[in-house]
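The values are calculated or read from the model by the stated rules, or taken from the named source; none is laboratory data. What you see is a predicted model, and the numbers here were worked out from it, not measured in a lab. Cβ: placed from backbone, ideal geometry, glycine included. Neighbour counts: every protein chain shown. In case anyone asks, the SASA skips ligands and DNA or RNA and just uses the protein heavy atoms, side chains included. Shrake-Rupley method; radii C 1.70, N 1.55, O 1.52, S 1.80 Å.
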Amino acid sequence: MSTVLKCKSGLRPNPQRPIISIGTINVDQLMGPVTHWPDPGTETVYPDYEMRVGGGLGNFGAALKALGAHQHMVVNVGDDAMGDWLQGQFGALADHWHRSQTVTSVTIGMTHADKERTFLSNEGHSSVFDADMVRAMLRGIKLDGAIALVVGSFLMPRLLPDCADILAELRQAGAIVALDTAWPTGGWSNAVQAHLESWLGHVDVLLINDAEAAGILGISVAEFDDDVDGALAKIADKLHDDAIIVIKRGASGATAFSHGAITHVPVPEHVDVVDTVGAGDCFNAGFLMALQQNADLENALRAGIDVAGKAIASQPRRYPELSDLRTDVAATLAGGKNTPVQMHTQTFDQVENS
Ligand SMILES: Nc1ncnc2c1ncn2[C@@H]1O[C@H](COP(=O)(O)OP(=O)(O)OP(=O)(O)O)[C@@H](O)[C@H]1O
Ligand SMILES: [Mg+2]
């Protein structure tokens, strides 16, 4: 059974509003294949190298850009050549990005022959991203009916204490609030659970993978897999009645929970996976763009799965355009048949000052 998104306030996504993302972007430098850890003081030359946009918001924004989505990215970069490079990848979409007086966050990814990866990252600009920057970059943006995704909140230590306020302000302004917790670097500590408790009541669409779902509930992935329906019902208890939970399940596809009903969509055809980095972010892009076009849940899951599948089968990474997708998915994302809902519009400024 599929259900059309309808959030607490009765608002539906307005296709004329942007998909807003709040999160981290960084430069990914991937090199390998690394077969053994080099000895200190030596140099090793590897045949494979790729430099690309990374970070939860970076992957999401790049996937939406390729799809031609209407989006607004709320993010900072460092004040250096890497910051210039990141902004250059997004053209006019990056004009308003905050430049922080520090170095850009860079991740060195060592690839291994078995497709595993080892990542080394500096703190960089993401560690100074804060709520004032978020509010400044939302000023003047119409939020009524916009979809706003917060991704990777635990990677932004200065935003963390104000994250509940930001989610509440977005929702109060009429946005449909989506959250991808990603994996908290230190695991599911009491502090992490306390943050989640303060956020989940403001969330309309929770986008997590099976390991994260198990982490939230304090159970193993095997226990989650044994009783997916029961586990989803327990997570749903933490959210409001009209919220949607989406569990990304790798090669098994994705499962959504809405109003007590489960919708599962498997991966429709085998994917030759070459690089799974950012699979979840690409899924989020397809899924949320489909919701923006007022697709039902089943078609939105299909869109997430197709966008992610196409991206992770490419090397070097190439994000799919509409013409690369299955015909039904491209039609969903093009949303030609939708009549935008006329709604009273309110800017973030107006809400902040009300
Ligand atoms: N091996 C695979 N084969 C086919 N599709 C896959 C595979 N791995 C991931 N996908 C697709 O990508 C989606 C998201 O992947 P996954 O469930 O791994 O999310 P995630 O763990 O959040 O990803 P990430 O590693 O980016 O955080 C899946 O729902 C599925 O559609
Ligand atoms: Mg993820």
Among 85, 97, 188, what's the order by accessible area (1.4 angstrom probe), most exposed first?
-> 85, 188, 97
Convex hull (Cα only) mean projected area of region 77-221, reported in nm² to one decimal | 10.2 nm²
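Roughly speaking, to the nearest percent, how much of the chain's 1.4 Å accessible area is carbon and sulfur?
Details: 7610 of 14890 Å².
After summing per-atom areas, the C and S share lands at 51 percent.
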Alpha-carbon radius of gyration plus Dmax, which is the widest Cα pair, for region 176-238 in Å = 11.2, 32
Distances over 33 Å make up what percent of all Cα-Cα pairs in the chain?
-> 24 percent
How are the Cα pair distances of region 8-52 distributed, in percent, across 10 Å bins from 0?
-> 17, 27, 18, 14, 13, 11, 1
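What number, in percent, do you get for the relative contact order of the chain if the mean sequence gap of Cα pairs under 8 Å and at least 6 apart is divided by its residue count? Let's see the in-between values first.
Values: 746 pairs, mean separation 71.5, N = 354.
Once normalised by length, the contact order is 20 percent.
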For a label point 7 angstrom out from the Cα of residue 165 toward its Cβ, which stretches of region 83-97 have the backbone nitrogen within less than 12 Å?
-> none
antiparallel share of DSSP beta bridges within the chain, to nearest 5, in %, is 45 percent
May I ask which of 115/310; 142/248; 65/310 have a Cα-Cα span longer than 19 Å here?
-> 142/248
Quotient of Cα Rg and 2.2 N^0.38 Å for region 1-151, N being how many residues it contains = 1.25
Fraction of alpha-carbon pairs over 19 Å apart in region 266-330 - percent = 22 percent
With every protein chain present, what is the per residue accessible area of the chain (1.4 Å probe, Å²)?
-> 42 Å²
